[in-house]
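Right, one structure below, let's go through it.
The values are calculated or read from the model by the stated rules, or taken from the named source; none is laboratory data. Since the model is a prediction, treat every value here as computed from it, not as a measurement. Positions of Cβ are backbone-derived with ideal geometry, glycine not excepted, and every protein chain shown enters the neighbour counts.
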Amino acid sequence: MRKTFVAFIIACFIFCLALLASCSTTKGASEAYQGESEHEIFQKGEEALRGKDYSEAIKRFEALEVQYPFGADTEIAQLYIIYAYYKKEEYPLAVAAADRFIRLHPVSKNVDYAYYMRGMADYYENIGMLERVFSVNLANRDLTHLEKAFADFSEFTQRFPNSRYTPAAHQHMIYLRNILADHELIVAEYYYARKAYIAAANRASEVVRHFEGAPAVPKALVIMVKSYRHLHLAQAEKEAMTVLQYNFPNSQYVSAVAN
């Protein structure tokens with residue numbers, strides 16, 4: 001009973017601390033830069049952004065948003081908050097800021113930027129310094145955020161085919177598609193090496209169906225042909241071989257599985 005009571009007191013204490021921290025943050029934003037006008041807060045926020053003082057920029061733009069929620073510069077300030085968090089490499093906060101902008105301004109002329117930056121933040125959330133500096137193979141890593149980034153960019157390109165950011169989004173999608181395809185191929189190769197031919201064929205077929213154009217596709221077809229051969233599924237083997245020969249004639253992949 002005593003332990004339960006102590007645990008309850010500790011839980012209440014932690015809750016109160018969190019509540020006070022939350023109130024302090026809101027109060028700070030509402031009281032910051034009280035001696036400055038709306039325009040001054042925004043202008044100095046832009047100066048901080050140009051000077052790469054992203055923490056100060058975020059503080060100013062968040063203060064502007066709290067103090068002048070319907071101000072002339074508030075919508076742009078909310079976009080700057082997304083960018084500043086992104087540049088600080090605080091990617092979850094950038095995603096949250098982008099989601100908030102999309103929710104508040106679904107028909108804004110600038111909402112395409114929020115969608116695009118959400119994809120960029122999800123993309124870089126999965127790429128640490130080692131990957132960027134040493135080019136570690138991302139296909140071997142947890143790709144949850146890359147899958148979400150691909151979905152973000154896909155939604156973006158469908159919603160905004162004429163956006164200025166669409167060409168860049170397409171390039172990111174191609175890169176992500178290839179990484180995701182390589183990941184599926186690695187799993188298929190793992191199953192094949194362990195003679196789990198049904199699992200290998202199924203995983204390889206996912207590459208062929210969902211990642212058209214990826215460099216991993218012909219290798220996946222090879223795994224399908226060889227797996228079906230081991231399983232004595234002549235018709236399935238023939239169909240996979242036909243696709244391989246049609247799309248990659250006279251290639252090393254065809255000769256690798258030729259009878």
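Of the listed requirements (1) among the acidic types (Asp, Glu); (2) surrounded by fewer than 18 Cβ atoms within 10 Å (Cβ to Cβ); (3) in contact (Cβ under 8 Å) with a residue 40 or more places away in the chain, residue 99 misses just one: (3).
Would you say residue 187 is at pLDDT below 95, of a type in the set (A, V, I, L, M) and either surrounded by 15 or more Cβ atoms within 10 Å (Cβ to Cβ) or in contact with an Asp or Glu (Cβ under 8 Å, 6 or more places away or on another chain) (or both)? Taking the combined requirement at face value, the residue satisfies it. Is there a residue in the stretch 103-113 that is at pLDDT 95 or above, in contact with an Asp or Glu (Cβ under 8 Å, 6 or more places away or on another chain) and in a helix (DSSP H, G or I)? Checked against the condition, which is being at pLDDT 95 or above, in contact with an Asp or Glu (Cβ under 8 Å, 6 or more places away or on another chain) and in a helix (DSSP H, G or I), the stretch 103-113 yields no hits at all.
Report yes if residue 210 is at pLDDT 90 or above and surrounded by fewer than 19 Cβ atoms within 10 Å (Cβ to Cβ), otherwise no. Taking the combined requirement at face value, the residue satisfies it. Only one residue in 225, 257 is closer than 21 Å to residue 186 by Cα and at pLDDT 95 or above, so which one is that? On inspection, the qualifying residue turns out to be 225. Just one of (1) in contact with a Gly (Cβ under 8 Å, 6 or more places away or on another chain); (2) among the aromatic types (Phe, Trp, Tyr); (3) modelled with pLDDT under 95 fails for residue 156. It is (3). Among residues of the stretch 175-188 that are assigned to a helix (DSSP H, G or I), those with a beta-carbon under 8 Å from a residue that is among the β-branched types (Val, Ile, Thr) at least six positions away or on a different chain give the pairs 181/207; 181/217; 184/207; 185/207; 185/223; 188/207; 188/223.
Of all residue pairs spaced 6 or more apart or on separate chains, those with beta-carbon atoms under 7 Å, a first member in the stretch 202-215 that is more than 10 Å from residue 181 (Cβ to Cβ) and free of Cβ contacts under 8 Å to residues at least 40 places away in the same chain and a second member that is surrounded by 16 or more Cβ atoms within 10 Å (Cβ to Cβ) and of a type outside the set (Gly, Ala, Ser) are 203/184; 203/187; 203/191; 204/223; 204/224; 205/224.
Would you check if residue 97 is assigned to a helix (DSSP H, G or I), under 15 Å from the mean Cα position of the chain (by Cα), at pLDDT 95 or above and of a type in the set (A, V, I, L, M, F, W, C)? Taking the combined requirement at face value, the residue satisfies it.
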